[in-house]
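All remarks here apply to the structure that follows.
Readers should treat all values here as calculations from the given coordinates under stated rules, not as data from a laboratory. Note that the structure is predicted; figures quoted are calculated from it, not measured. All Cβ positions, glycine included, derive from the backbone under ideal geometry; neighbour counts span all protein chains shown.
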Amino acid sequence: MRDLTAARSPPLIVASATVRALPPATRYVLRGDPRVRSAAQAALGFHVPEIPCRAGGGGERAALWLGPDEWLLIAPARLASALPAMLNRALDELPHSLVDVSHRQTALAVSGPEAATLLAAGCPLDLDTSAFPVGMCTRTVLAKAEIVLWRTERLEFRIEVWRSFAAYVSQFLAEAARGII
Amino acid sequence: MATDQGKTSNLNALGIVSRTLGKPIPEVGVTTFRMPYTPVSFGSFAGPARGELLDPVRTTPMHEWARAHGAVFEDVGLWKRARYFPRGGEDMHAAVGRECRAVRGGCGLFDASTLGKIEVVGRDAVLFLERLYVNAWASLAVGRARYGILLRDDGFIYDDGVVARVSARSFHVTTTTGGAPRVLAMMEDYRQTEWPDLEVWLTSTTEQWAVIAVQGPDARAVLSGLVDIDISASAMPHMGVAPGYICGVPMRLFRVSFTGELGFEVNVPADFGSAVWRGIYEAGAAHGITPYGTETMHVLRAEKGYIIVGQDTDGTITPDDAGLSWAIGKNKPDFVGKRSLARPALVSPDRRQLVGLMTNDPRTVLEEGAQVMANAGARPPTRAIGHVTSSYYSSVLGRSIAMGLIARGRARVGETLYVPADRGDIPVKAASPVFYDPEGKRLHA
C-alpha cells in the first residue's frame, strides 16, 4: 500500500514583505466549562486564559479565548497525536468537546511597522496597542473573510483563517499593501 | 443614495424637475443640503472589492487537480465546484452522459468537500439532535449513519444531510453546501437560548475534511486495496461509518450514496485531500475510474428521486410534500417544526407533492421552473397545479426525466398533465420520482 503521510498540501497564500505563511500546526477547538479550562491548563503546561479575548502561552503553543466556553489550542504539527492524547486523559471525566481543526484553517503572520495599518484596510477594529494590546485575540473580519486575529508582538499579528479563505485574505493584504507601503 | 438624499444627487433631481416644470431651480425650491456635498466615485465605495477580490473565491483541496484535468467549474455560493470534465471537445451534454454511464457501469470519483460538516459532541448530543431533526437518533448505533431532515419551526424543510454516530457522545453531521453556515447558526442559537441545560457543543469541521466520493459497482474494488479496514458488504453495509487509514492517512470512511450505487465517501484531513484523491484515481485506473462533476451528481440523484433542498424544495415544503414522511421519528415527543406539521394547512390533501414527470416524447427535456397544468390549452387566469423542480436528460435511461411539485401529486400518478411551452403544451405523465433501480438493490451491493 502506498504511504501518503508525507504528501501534505497546505493552502496556497500570496506572501510578501509583510505577510508570510506559518507552518502547519496542530489545532483543536476545546469547549467546556471552567473546570475544563483549568484541567486543560494543567495538562498543557501553559496558560489557558479565562479572560475574554486573550491568548495564553506563546510561540508555537498557545490557547486563544474565543468564547466563554471555547478556546482554540495551537501546537506544533509534530504533536498531532500527543496533544489530543494528553488532553483526553486529563479531560476524560469532565463534560467537554475536543475537536481536531488542524486542517480546517491555516495561519499567516503579518509583521512590520505597517502591520496594523495594513490590517486596518479590511478590519473594522481599533488596532492601536491601547485598544488591541499584545496578547489580545478575537474573531473578527478582514474584508469579506472571517478570521481570528491575535497580536503576538507589538508589530506582529497572527491570522487564523479557514483554508478556502486563505488565498483571498493574502491577496487582499497584498492589494492593501500596494496603497500603503 | 436616492435622488432625494444628499446634495450631489439632489441637485440632479432638481434639474430634472426644473426642466419638467419649465421653471429655474431657485423657483422650484431646494431642500436642506445634506452629505454627500461632493461626488464620491464608485471606486471609493468598492475599494479593493473588484476583480479577483470582489468576493472570496473558495476552492477545495482538489481544485488544482480538477483544473489541470479540464474541469468546467460552476459557482455554488462562494465555492468553485467542478461541474463536468469534458474530454476531446465534448459539450456538457456529452460529458455528463459519459460520466453518468461511467458511475452506473463502473466507478466515478467526485469531490464532495464543500458539504457542510458539524461535529456535535457531548453527553446530550443525541438528545440535542433528537430535538432538532425530525429523525429518531437514540436508536442510531455507533458506526452507523442516517439521512436527517431539519425543519424550521414552521414545519418546512430547512436542510438535510447525513448524521453519523462516531462515538457514544459524538456525531459527524453533514449539511448542504449552501446551508452550512445557517445550520450551524441555527443549532448554536437553540443550544444557547432554548436548551442551555444540555451538555453539548458544536464545532464546524466543513474545511477540516476533504471528502472524496467513490461511487459505482466497482467502488469497493477500487478502495479495498488502499484502506486498512474491512469494507466488505457484511463488515461495512450501506450507511456504515468507520475510522481507518487510507494510504497511511487517517480517514473517516462513510458508506453512503447520493447516486443510488454502491458508494463510499472518504473523509481525510484537508491537506491530504489532493494526494489521496490522486492515489484513488491511480488505483481506479484499472476500473476506468471517471471523475465527475456536480451536473452528473444532479442527474444521478434525480434518477433516484433524491431531492436537493433549495431546488426540489423552496421553503414551503414539508417532509410529506417531498415524500419523506418515512424519515420522521413517529414516537418522538417533539422536534423543531413538529407542532406546525399538524396544522390543517400542512396536512391538506391538496398540498403540492413531489412526483416524477415523464414526457411522452423521451427526447423532450422540460424547463426547470415551468408551470404544470391539469388540462391541455389551459392559460392564465387558470391556476397552475404545480411546477417542474428538476429536469435532465438521462443517458442511462435513454430518456428525459423530471420531478415536480404538483397539487395532490401522488394521487395523480398515471395521469397526463401539461407543461405549457413556446411551441404548445408538452404532455407529461405523473409518475414515481424514482426512475432507476426502484428496489434499491444496487445501493446494498
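Odds and ends about this structure:
- Taking label points 7 Å from Cα along the Cα-to-Cβ direction, B:SER224 and B:HIS444 give a separation of 2.0 nm.
- Leading residue at positive end of dipole, chain B (Cβ point charges), from B:LEU127, B:PHE335, B:GLY116: B:PHE335
- Cβ-based net charge around B:GLY225, under 14 Å, with every Lys or Arg adding one and every Asp or Glu removing one: -3
- With neighbour counts taken as other beta-carbon atoms within 10 Å, the residues B:HIS63, B:HIS287, B:HIS444 rank, fewest first, as B:HIS444, B:HIS287, B:HIS63.
- Residue order, fewest to most surrounding Cβ atoms within 10 angstrom, among B:LEU405, B:LEU78: B:LEU78, B:LEU405
- Using distinct alpha-carbon pairs, which all enter the 1/r mean, Kirkwood radius of chain B in Å: 24.5 Å
- Taking a ≥ b ≥ c as the square roots of the eigenvalues of the Cα gyration tensor, the range B:116-204 is classed as rounded, since a/c falls below 1.5.
- In this calculation the C-beta distance from B:SER340 to B:GLU368 is compared with R0 = 30 Å, giving a FRET efficiency of 0.60.
- Net charge over other residues, Cβ less than 15 angstrom from the Cβ of B:ASP437 (K, R count +1; D, E count -1): +3
- Residue exposure sequence - B:ASP189, B:ASP422 - by fewest surrounding Cβ within 10 Å: B:ASP422, B:ASP189
- For the peptide A:157-167, the mean number of other protein chain Cβ atoms found within 10 angstrom of a residue's Cβ is 4.
- Angle in degrees between helix B:273-283 and the longest Cα principal axis of chain B, rounded to the nearest 10: 50 degrees
- Among the residues of B:48-54, the average count of other protein chain beta-carbon atoms within 10 Å of the residue beta-carbon is 5.
- Residue-averaged 222 nm ellipticity for the protein assembly as shown, from DSSP H runs of 4+ at -39500 (n - 2.57), nearest 500: -6500 deg cm²/dmol
- Rg/Rh (Cα only; Kirkwood hydrodynamic radius) as it applies to the range B:356-417: 0.97
- Computed label-point distance, nm, for sites B:THR31 and B:ARG152 using a 7 Å Cα→Cβ extension: 3.4 nm
- Considering only B:LEU150, A:ALA143, A:GLY32, the residue lying farthest towards the positive end of the dipole of the protein assembly as shown is B:LEU150, judged by Cα position with unit charges set on Cβ.
- Put simply, when B:36-48, B:260-272, B:348-360 are sorted by average Cβ atoms within 10 angstrom per residue, most first, you get B:260-272, B:348-360, B:36-48.
- Here the protein assembly as shown is assigned +1 on the Cβ of each Lys and Arg and -1 on the Cβ of each Asp and Glu. Its dipole about the Cα centre then comes out at about 520 debye.
- A Förster radius of 60 Å combined with the Cβ-Cβ distance from A:LEU125 to B:HIS238 puts the calculated FRET efficiency at roughly 0.75.
- Counting Cβ atoms of other protein chains within 10 Å of each Cβ in A:10-20 and taking the mean gives 1.
- Using the Stokes-Einstein relation with a Kirkwood hydrodynamic radius computed over Cα pairs, the translational diffusion coefficient of the range B:253-400 at 10 °C and a viscosity of 1.306 mPa s comes to 84 µm²/s.
- Pairs from B:LYS117/B:LYS330; A:LYS144/B:LYS330; B:LYS117/B:LYS429; B:LYS332/B:LYS429 whose Cα-Cα separation, in the structure shown, is over 32 Å: A:LYS144/B:LYS330; B:LYS117/B:LYS429; B:LYS332/B:LYS429
- FRET efficiency, A:ALA17 to B:GLN192 (Cβ-Cβ, R0 30 Å, nearest 0.05): 0.10
- Computed over the protein assembly as shown, the convex hull of the alpha-carbon atoms projects to a mean area of 35.2 nm².
- Here the range A:19-180 is treated as an ellipsoid with the same Cα gyration tensor; its semi-axes, largest first and in whole Å, are 29, 16, 13.
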